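Just so it is clear, none of the values below were taken in a lab; they were calculated from the coordinates. On a predicted model such as this, the values are computed, not experimentally measured, just so you know. When we count neighbours, we look across all protein chains shown, and the Cβ atoms used for this are built from the backbone with ideal geometry, even at glycine.
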Amino acid sequence: MFTPAHKQQREQLLGQRACVIWLTGLSGAGKTTLANALGNYLHQQGKLCTVLDGDVLRDGLNKGLGFSETDRTENIRRAAETARILLHTGVITICSFISPTHEIRALAKSIIGENDFVEVYVNSSLASCEQRDVKGLYAKARRGEIPSFTGITAPFEAPERPDVEIRTDQYTVEESVAQLIQFISPRIVLND
Ligand code: ADP
């Protein structure tokens, strides 16, 4: 079992402060785009990091889970437990999950621990997400082919006090990535 002392030892080894960067927002808001860009940047900076992505986990660890409230909660619980293990190994862990409700994000935060949980609200209006419709899911949801689709037939509760909000419908990808990097950079510095 890892303890905070283990985390510190690993942070010393890696020369970085570990945290979990939790990206929440509508489908198509830009979570995966920002998570991967931040991950690539941190890697170039010599930091050990990883990305846990909702769509990817649903193909593997969380295969078989659907979008009912119970399954969404289980999806997030497993993701957060995985993030916690990585966190205690000193790895900067970037999580990209719609995580649509206050309750589900509170669950993730309680598993990870509030001191190490950085909540990033990737905010794009429903209209812009729907206009982008990168995966064609909004069109399907409007046709009634996807039950419980966040923003259309299932709720999205915007975070009330995120640590940072990135408006991806008002800035370019490059600008949004730069804003996220600027916010995260001081938070992964090891102060001894
Ligand atoms: P999500 O992971 O939230 O479902 P994706 O990252 O898969 O979203 O898709 C977001 C889409 O929006 C991408 O095609 C991306 O290029 C586009 N996009 C436009 N502007 C931005 C921005 N400022 N930040 C992030 N993505 C953006």
- Item | Long-range neighbours under 8 Å by Cβ, at least six apart or interchain, first residue of a type in the set (Asp, Glu) within segment 163-192, second loosely packed, with under 14 Cβ neighbours inside 10 Å | 192/12
- Flagged in segment 125-160 as in a loop (DSSP other than H, G, I, E, B) and either under 20 Å from residue 34 (Cα atoms) or small (Gly, Ala, Ser) (or both), in numbering order, are 125, 133, 134, 135, 136, 144, 148, 151, 156, 158, 159
- Query: Which ranges mark the helices (runs of 4 or more DSSP H) fully within segment 7-100 that have 3 or more residues being in contact with a helix residue (DSSP H, G or I) (Cβ under 6 Å, 6 or more places away or on another chain)?
  - Reply: 31-44, 69-88
- Task: Identify the residue in segment 33-43 that is within 16 Å of the ligand (Cβ to nearest atom) and free of Cβ contacts under 8 Å to residues at least 40 places away in the same chain and, among all such residues, is nearest to the chain's Cα centre (by Cα).
- Result: 36
- Note on the structure: Within segment 171-192, the residues that are within 11 Å of residue 34 (Cβ to Cβ), of a type in the set (Val, Ile, Thr) and within 14 Å of the ligand (Cβ to nearest atom) are 173, 177, 181
- For segment 142-170, what are the residues that are within 13 Å of the ligand (Cβ to nearest atom) and either in contact with a helix residue (DSSP H, G or I) (Cβ under 7 Å, 6 or more places away or on another chain) or farther than 30 Å from residue 16 by Cα (or both)? 149, 150, 151, 156, 166, 168, 169, 170
- Query: What are the residues in segment 154-175 that are surrounded by 13 or more Cβ atoms within 10 Å (Cβ to Cβ) and among the polar types (S, T, N, Q), if any?
  - Reply: 168
- Out of (1) touching a Lys or Arg at 6+ places or on another chain (Cβ under 8 Å); (2) within 16 Å of the ligand (Cβ to nearest atom), the one residue 59 does not meet is (1)
- When every residue in segment 2-32 that is of a type in the set (S, T, N, Q) and in contact with a Ser or Thr (Cβ under 8 Å, 6 or more places away or on another chain) is compared, the one farthest from the ligand (Cβ to nearest atom) is 24
- Task: Just give me the residues in segment 107-124 being over 11 Å from the mean Cα position of the chain (by Cα), part of a helix (DSSP H, G or I) and either over 11 Å from residue 73 (Cα atoms) or in contact (Cβ under 8 Å) with a residue 40 or more places away in the chain (or both), in sequence order.
- Result: 109, 110, 111, 112, 114, 115, 116
- Quick one: residue 85 ticks every box in (1) away from the ligand (no atom under 14 Å from the Cβ); (2) closer than 21 Å to residue 184 by Cβ; (3) surrounded by 15 or more Cβ atoms within 10 Å (Cβ to Cβ) except a single one, so which number is it? (3)
